[in-house]
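> Before we start, here is the structure in question, set down as structure tokens.
The values are calculated or read from the model by the stated rules, or taken from the named source; none is laboratory data. In this text, all values refer to a predicted model and were calculated from it rather than measured experimentally. Here the Cβ is made from the backbone with ideal geometry for all residues, glycine too, and neighbour counts use every protein chain on show. When the accessible area is computed, the model is the full protein with side chains, heavy atoms only, and any ligands, DNA or RNA have been set aside. Shrake-Rupley method; radii C 1.70, N 1.55, O 1.52, S 1.80 Å.
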Amino acid sequence: MRIDILTLFPEMFAGPFDHSIVKRAIENKLVEIHFHNIRDFSKSKHRHVDDYPFGGGSGMVMMLQPIADAIEKLRSERNYDEVIFLSPDGKLFDQPEANRLSLLNNIILLCGHYKGIDERIREHFISLEISIGNYVLSGGELAAAVVCDSIIRLIPGAMSDETSALSDSFQDHLLSAPVYTRPANYKGWKVPEILLSGHEAKIKQWRHEQALKRTQEHRPELLDRITEE
Ligand code: ADE
């Protein structure tokens, strides 16, 4: 998989991509991530990438030309399955969408800033707009890092225990059951007896019940989705 990220702040990705599963996936060439600084495509003397909104109003707007040139250059080099814009106006990101994106070959992630992007970028280049939650970030970079992390860990080989992605919260619209490790008794705080029993079928049943209970308590709306399907 290849991910091209268009951003004004490539340095913002150093932390999230330099650790753990994502770092290993990059090192093992399961995913290639390429950064492109939108400012490098500006044709103005002072490398401007934003301008005042036509019709007035507050805030600056990201200009069409630098972004159009950046996307057109990339599209002249290969085909892209999706050109994604990160924005609070997008479709709410969820696990099924992460699963779908993890199967694609080439995607572009465009990170916005300021008040928004010139609407013509949406009309002519963007195939998918994603929001990571109902709140506003100061730019799309953190959202892009979240999306990348969630899809890279799903690429076969990215996680050492391949089955663990399947048992993630949300993969079956249920939250995960509680997990424990040694010691079995910490100052009187005991691990549920059933997990020490070695009885596989009963443990499986217990985990399912716990997942249902936790989902009912924390995210009851997820259970409605099971009955709808
Ligand atoms: N950019 C600003 N806020 C965002 C959000 N909630 N999701 C995705 N991109 C964003």
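Listed here are the residues, each with its yes/no results for (1) of a type in the set (K, R); (2) under 22 Å from R24 (Cβ atoms); (3) assigned to a strand (DSSP E or B).
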residue	(1), (2), (3)
C148	no, yes, no
A158	no, yes, no
P183	no, no, no
K204	yes, no, no
E221	no, no, no
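> Also, I was wondering about something else. Identify all residues within the range 90-145 that are more than 13 Å from the ligand (Cβ to nearest atom) and part of a strand (DSSP E or B); write none if there are none.
Scanning the range 90-145 gives N106, I107, I108.
> Quick check, is R153 in contact (Cβ under 8 Å) with a residue 60 or more places away in the chain and away from the ligand (no atom under 13 Å from the Cβ)? Step through it out loud before you land on a result.
Working: in contact (Cβ under 8 Å) with a residue 60 or more places away in the chain: yes; away from the ligand (no atom under 13 Å from the Cβ): yes.
Yes, satisfied.
> For the range 82-119, how many residues are among the charged types (D, E, K, R) and under 26 Å from R39 (Cβ atoms)? Step through it out loud before you land on a result.
First pass over the range 82-119, keeping only residues among the charged types (D, E, K, R): 82, 89, 91, 94, 97, 100, 115, 118-119.
Those still in the list that are under 26 Å from R39 (Cβ atoms) too: 82, 89, 115, 118-119.
Number satisfying all stated conditions: 5.
> What number of residues within the range 144-160 satisfy the criterion of being of a type in the set (S, T, Y) and buried (at least 18 other Cβ atoms within 10 Å of the Cβ)?
1
> From the residues in the range 52-87 that are within 14 Å of the ligand (Cβ to nearest atom), crowded, with 16+ Cβ neighbours inside 10 Å and without any contact (Cβ under 8 Å) to a residue 60 or more places away in the chain, which one is farthest from the chain's Cα centre (by Cα)?
M62
> In this structure, is K29 in a loop (DSSP other than H, G, I, E, B) and modelled with pLDDT under 95?
Taking the combined requirement at face value, the residue does not satisfy it.
> Shifting gears a bit: Out of the range 88-110, which residues are open to solvent by 50 Å² or more (accessible area, probe 1.4 Å) and among the acidic types (D, E)?
Across the range 88-110, the qualifying residues are D89, D94.
> Also, quick follow-up: Got a sec? Which of E129, E141 is open to solvent by less than 40 Å² (accessible area, probe 1.4 Å), in contact (Cβ under 8 Å) with a residue 60 or more places away in the chain, in the same structural domain as I21 (by TED's automatic domain parsing) and closer than 18 Å to I67 by Cα? So that I can check it myself, show each step before the final result.
On the way: E129 fails: in contact (Cβ under 8 Å) with a residue 60 or more places away in the chain.
It is E141.
> What about K73, is it of a type in the set (D, E, K, R) and at pLDDT below 95?
No, not satisfied.
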